[in-house]
């Protein structure tokens, strides 16, 4: 009797055939479902604490421009910048944007003091790292000093190369491939309050505007990952 | 050097179970061969797991961490292959004669050798080094098929002996993969908490050192997916049995595990509790507890309730000591955990604990008596068909035990040699 035993018979016995066929079918479906979910659906954090280290180096580039804006007394002007305006293609990542704002007293009047200038980046419009503590979003000057503003666009970008063994190559690529940062329009607002010269009692001598020169530099980057 | 207390206690319990189990198994005579080998395998399984947990409960200095990983890996071979061999012979022996048993052992040893060479060349994280991690699919499939076949045997729905075979298969599945059932819903809801489970998230310092690699992670989670499916299958069947008023304690065991798994979805799945302090507590009280303390208790239940170890007068004393050690140590550890979680002072909770122990004095003896009374025996129904007669001499069993002991010693020896030679555990010599 014992020699009659076979695994096939054990599985294919009348009553159990249907149950086991059903079980094995659902089992196969579950394994397939898992495979598809693992590779295509779920964000699997593979490669954590990997023994493989990667060096990430940034290839940097700059796109600079200058705008001269005449701002009337007690008024403000806006400078709008975007990828399209400064001709940066959609695939290029923007690390940060730097502004150097300069002006001098241009009235030409004797003893005319510098005007009060306030410059501010509106914290909206462009997708950027607005909460970065290193951002300088507004500056003021009343002594013709240069003003520098910085907006960090790509989160965690400092421009410095680094190495890691905490992430997989896919994770690193994902970190530095988000081209949504830098999209949208960036608005820089300039306010001017002129300070009149002592000679302003003479009607023909007036200081009623100022020319503000805004130099902007888009710090662009691409990255390269090397395994070591 | 830090000690993971729960893993250490789990190690002590496993070692106690394994050592007492092997002594009791060796004393047995006149017992059917598959149960006899099953008792030996379960004992060696827990000896190897106990040693692993005892060694890996320590967080060692960096220069000794590779040694820990190697010990973990090589002792895992004995643990895992004992489980696989167990699934071939218990509760229903698919192995029909001694020759097949030798072939099965040869096959498993071959896999161990391949995995060992892969460890040397590629490190422990390579998919080939983790070949043995596929155990859940093999054992789970076998046990679930046996479970289904015997649960649904026509006209035998109330036959305790037939249903006992199904219950043994169920209990073996709970023992081996039960800790994954606390997250089973994540498989079907495609949740990250399920698919991002890593070997490194298992308790123990050596597991924590395991590094994630895409295909190793895939193989690992595939096994967890298979295990979850086996759990779901049994859950559905046991719910049906309860509905038909045929449920027993094994039904409720599976139902409790799987219902906790549904709660697990709520706890793990919601973003709002991602950083909450409750999630680690939940992990501790479910998966970690099963992995460390519940496993030896379930094994104890298997050994005694399913007749793998028969309690006779000459071994009653040791059996009792073994069960009381396991039950008391495990329950004390569980109470300690609960005590640490309850926001009352240690003095008050110790007082409550003392009171509870005083009131329940003698409970461990009562529990032992209920454990060993009326063990399930195998059915006479088609006995020869399912259980071929194979005579194992005591000399052969001696050889079998020595083989398993030597596999553990070889594992530890290799771990030390690899550490001394300087084989990098993570990347191997090619890495």
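Quote the Stokes-Einstein diffusion coefficient, in whole µm² s⁻¹, for region A:54-227, based on the Kirkwood radius over alpha carbon pairs, a temperature of 10 °C and a viscosity of 1.306 mPa s. Write down the numbers at each step before the final one.
Values: Rh = 17.9 Å.
The estimated diffusion coefficient comes to 88 µm²/s.
Taking a quarter of the surface of the Cα convex hull of region B:81-240 gives a mean projected area of 10.7 nm².
Which value in Å does the Kirkwood hydrodynamic radius of region B:186-327 take, with 1/r averaged over all unlike C-alpha pairs and then inverted? Display every interim value, and only then the final one.
Details: mean 1/r = 0.0563 Å⁻¹.
By the Kirkwood definition, the hydrodynamic radius is 17.8 Å.
Name all residues of region A:171-185 having a backbone nitrogen under 19 Å from the label point set 7 Å from the Cα of residue A:150 along its Cα→Cβ direction, giving them as ranges. The answer is A:182. Given a Förster distance of 25 Å, report the FRET efficiency between residue B:401 and residue B:117 from their Cβ-Cβ distance, rounded to the nearest 0.05. According to the calculation, E is roughly 0.40.
If you rank B:161, A:98 by fewest surrounding Cβ atoms within 10 Å, what's the result? Can you show the working numbers first?
Values: B:161 14, A:98 17.
In increasing order of surrounding Cβ atoms, one gets B:161, A:98.
Consider all pairwise Cα distances in the protein assembly as shown and report the whole-number % of them above 47 Å. Roughly 35 percent, rounded to a whole number.
Considering all alpha-carbon pairs of region A:2-41, what whole percent are spaced by more than 13 angstrom? Don't skip to the end; give the middle numbers.
Details: 486 of 780 pairs.
I get 62 percent for the Cα pairs in region A:2-41 exceeding 13 Å.
Just check region B:136-225 against the gyration tensor rule for me: Cα atoms, a ≥ b ≥ c as the square roots of the eigenvalues, rounded for a/c under 1.5, and otherwise prolate or oblate depending on whether a/b exceeds b/c. Cα axes put region B:136-225 in the prolate bin.
With neighbours defined as other Cβ atoms within 10 Å of a residue's Cβ, the residues B:17, B:399, A:100 order from fewest to most as B:399, A:100, B:17.
Applying Stokes-Einstein at 10 °C and 1.306 mPa s to the Kirkwood radius of region B:127-169, computed over alpha-carbon pairs, gives a translational diffusion coefficient of 138 µm² s⁻¹. Counting neighbouring beta carbons within 10 Å and listing from fewest to most, the residues B:320, B:29, B:183 come out as B:29, B:320, B:183.
Convex hull over the alpha-carbon atoms of chain B: what's its volume per residue in Å³? Don't jump to the answer; show the numbers that get you there.
Values: hull volume 65.3 nm³, N = 431.
About 152 Å³ per residue, rounded to a whole number.
For region B:6-126, the alpha carbon positions stretch 50, 33, 17 Å along the principal axes, listed from largest to smallest.
No value in this document is a laboratory result; all are computed from the given coordinates. The structure presented is a predicted model; accordingly, all values stated were derived computationally and were not measured. Counting neighbours? That spans all protein chains shown, and the Cβs are built from the backbone with ideal geometry, glycine included.
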